[in-house]
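Encoded as structure tokens, the structure appears first; notes follow it.
Please treat every number below as a calculation from the coordinates, not as lab data. None of these values were measured; they are calculated from a predicted model. Reconstructed Cβ throughout: ideal geometry from the backbone, glycine too, with neighbour counts over all protein chains shown.
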Amino acid sequence: MPRVIFDTDIGTDVDDLLALACLLGDPGIVLHGVTTVYGDVELRARMAQKLIQLRGVEGVPVCTGLRAPLLGLDPIFWLGWEGSGLLQPDDVHSLPPFTSASAVGWLIEQVSALPGEITILAVGPLTNIAAAITVDPTFAAKIGRLVIMGGNIDARPFAGGITEHNIRCDPEAAHVVLRSGAPIELVPLDVTLKTVIRQQDVDRIKAIGTPYHAAVADQVERYPLFAKRGYQTYLHDPLAALAVSEPGHFEWHELSVHVELRGEHTRAMTVGLPPTADCPPNARVALHVNAAAAEHAILSRLLS
């Protein structure tokens, strides 16, 4: 049973929270810990703690990670509504303290203690992971699996560009990770756009009636783009969470994936190339998904 560390920028899009809910509802994994990254990492950590607490799960360490991109070249993207409706004023006193170690040091410690046994599910900018690789050159080789939601291999424009949010927020970190030799499994945007959660799904979650399920449903309905997209939104990060325990929903291909760092209009674009002797594969990439089956599997976890 995989031991999973969830590295997340929970709060910017509701899909991070849904991915955490998927992990909490997945009988095939052990949630080993949560690390937060990018922007207000303390607020993100409190969001993760609150959802875990509502679920009734104890003993999951939550660590705050790096706030800014690796080289600080790009401004931090922040919507400003993060935590609304989930966090209450008294949560400052009722939630447990964060793990004292920094996320980067804690990641290195955990992976070193259990080499080959930890799966890292990274669904935010890859800053924490890149920093751990930089600090400890043995870190990448000790990871059991590194499952990443990120990139746009098909490279069709989406929401005004051809880049994907997690890579765009810290392309240098993504570059470091992809060159590290870590056992990477990439679930890109062009695949995650094929899966959605709909209002009828949210209604089913809400109907269960627990405070935990009410919070999950409420966060989906509060997400600003949910209504704008016709009362549905994409399952980007939950799809990557599903890949941890049920990779059979996907069609995987070995590719050599690179991040554009210099292009005037294509900075942070991901390019997936067929591997060659001079350009070996560095990631297993999900290029197709059985969308209906994946949606069903994700919803079953959210309903559990």
Practice prompt. Could you tell me what percent of the DSSP beta bridges with both partners in the range 1-104 are antiparallel, to the nearest 5?
Written response: 0 percent
Worksheet entry | Distant alpha-carbon pairs in the chain (separation over 25 angstrom), percent | 43 percent
Worksheet entry | For the chain, share of DSSP beta bridges that run antiparallel, in % to the nearest 5 | 35 percent
Response to the item:
Nearest-0.05 FRET efficiency for E58 and H265 at R0 = 35 Å, using Cβ-Cβ distance, is 0.10
Practice prompt. Could I have the simple spin-label model distance between E254 and R229, label points 7 Å from Cα toward Cβ, reported in nm to one decimal?
Written response: 3.4 nm
Fill in: Which of G263, P274, P224, positive extreme of dipole for the range 3-303 (C-beta unit charges)
P224
Worksheet item: Under 14 Å from the Cα of K142, which aspartates and glutamates turn up, not counting those fewer than eight places away in the same chain?
Response: E109, E117
Worksheet, complete the sentence: In nm, the gap between the two label points placed 7 Å beyond Cα toward Cβ at V30 and V135 is 2.3 nm
Worksheet item: Hey, what D do you get for the range 161-261 in µm²/s if you plug the Kirkwood alpha-carbon radius into Stokes-Einstein at 10 °C and 1.306 mPa s?
Response: 100 µm²/s
Response to the item:
Per the helix-only model, the chain has a calculated mean residue ellipticity at 222 nm (DSSP H runs of ≥4, -39500 (n - 2.57) each, divided over all residues, rounded to the nearest 500) of -11000 deg cm²/dmol
Practice prompt. Multiply the residue separation of H93 and H288 by 0.36 nm, subtract the distance between their alpha-carbon atoms, and state the gained length in nm to one decimal.
Written response: 65.7 nm
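What order do you get for 73-86, 112-125, 165-178, 252-265 when each peptide is scored by the mean count of other beta carbon atoms within 10 Å, highest first?
Averaged packing, sorted descending, gives the order 165-178, 112-125, 252-265, 73-86.
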Practice prompt. Please give every one of the lysines within straight-line cross-link reach of K206, meaning a C-alpha to C-alpha distance under 23 Å, and leave out same-chain neighbours fewer than 8 residues apart.
Written response: K50, K228
Worksheet item: Using unit Cβ charges (K, R positive; D, E negative) and no other charged atoms, how large, in debye to the nearest 20, is the dipole of the chain about its Cα centre?
Response: 240 debye
Item to complete: Have a look at V135, S300, T119 and report the one farthest towards the positive end of the charge dipole of the range 3-303, computed about the Cα centre with Cβ charges (Lys/Arg +1, Asp/Glu -1).
Response: S300
Worksheet, complete the sentence: Label model pair S300, L273: point-to-point distance (7 angstrom along the Cα→beta-carbon line) in nm is 4.1 nm
